[in-house]
1. Pull out all pairs, ordered by first then second residue, where Cβ-Cβ is under 8 Å, the residues are six or more apart or on different chains, the first lies in segment 98-120 and is outside the structural domain of G196 (by TED's automatic domain parsing), and the second is of a type in the set (F, W, Y) and crowded, with 24+ Cβ neighbours inside 10 Å.
2. Which residue is modelled with the highest pLDDT, if the candidates are limited to segment 204-234 and must be under 28 Å from E160 (Cβ atoms) and either of a type in the set (S, T, Y) or not assigned by TED's automatic domain parsing to the domain that holds L155 (or both)?
3. Would you pick out the residues in segment 35-52 that are at pLDDT 90 or above and closer than 21 Å to A68 by Cα?
4. Of (1) in a strand (DSSP E or B); (2) free of Cβ contacts under 8 Å to residues at least 60 places away in the same chain; (3) of a type outside the set (D, E, K, R), H27 satisfies all except one. Which?
5. Please count how many residues of segment 178-198 are outside any helix (DSSP H, G or I) and of a type in the set (D, E).
6. Pairs needed: first member in segment 191-203, assigned by TED's automatic domain parsing to the domain that holds R113; second member anywhere, of a type in the set (G, A, S) and part of a helix (DSSP H, G or I); C-beta distance under 6 Å; at least 6 residues apart or different chains.
7. For segment 30-59, which residues satisfy the criterion of being in a loop (DSSP other than H, G, I, E, B) and crowded, with 16+ Cβ neighbours inside 10 Å?
8. Scan S213, S199 and give me the residue that is crowded, with 17+ Cβ neighbours inside 10 Å and of a type outside the set (V, I, T).
Amino acid sequence: MRNTRIYVNQALHLKSNIFLDTAASHHVRHVLRLKIGDVIVVFDGQGHEYEADIIGDKKQVQIMIQHALSSLPVPALHIHLGQAISRGEKMDFTLQKSVELGIKEITPLFTERCGVKLSGERLQAKLQHWQKVVIGACEQSGRSDVPHIYPPVSLSIWLEQAFAGVKLLLHPIGAKRLKEIPPPDSPICLLIGSEGGFSTPEVLLAQQFGFESIRLGPRILRTETAALAAITALQCLWGDMR
């Protein structure tokens, strides 16, 4: 049976004793119902993974780091996903599955048709929630690196950033198919629209900033399908799914 994996946001060292944070302690004690003497796997988000014994189970669970483990390689294909924010659980689903597929960075985007308005405390709460979704996906999928999720910004502000590498905009009538793009030797910046797609001015603006429009096939995909299909195709062509 595979051991439970827990993300620990601190440096980990062999034979050191550490306390899990409140959320992780609650999960270990009350959800998984683990006890003193049980074994878990912990990782630090930087590619390091260890086996640890539970040595205390009071308010905060205490563990002792016992053995270094071989962790999965960090995804070789560096993909930064610019994802228009979708409503409800669709955004959670997109983030979760994109992490499982090997995304490296994620920026949620406000676009003309996303229909989501967030600011102030609601924005911070949503960002914290998305971070938990990303970490949970790492715990489940075996990743020992945690993708970085940036605070949401408007599409126009995001486009003004200096992205190094290939810039791709997924569009139902994109100018090229993905297989027509030369194999990249640098990071890929992938831009995905909302449920209503991008407006024409948004597409033109993205193209002004060097984004090349691509299409995956003849069918129009939902936003959560589009992101995952595009990431999978990229990984199959040039990443670790070949």
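1. Listed by first residue and then by second, the contacts come to nothing, as the list is empty.
2. Restricting to residues being under 28 Å from E160 (Cβ atoms) and either of a type in the set (S, T, Y) or not assigned by TED's automatic domain parsing to the domain that holds L155 (or both), the top hit is S213.
3. I36, G37, D38, V39, I40, V41, V42, F43, E49, Y50, E51, A52
4. (1)
5. Count: 2.
6. Sorted first by the residue in segment 191-203, then by its partner, the pairs are I192/A226; I192/A227.
7. L34, D38, D44, H48
8. S213
The values are calculated or read from the model by the stated rules, or taken from the named source; none is laboratory data. Please read these numbers as outputs of a predicted model, since none were measured by experiment. FYI the Cβ positions are ideal-geometry reconstructions off the backbone, even for glycines, and counts take in every protein chain you see.
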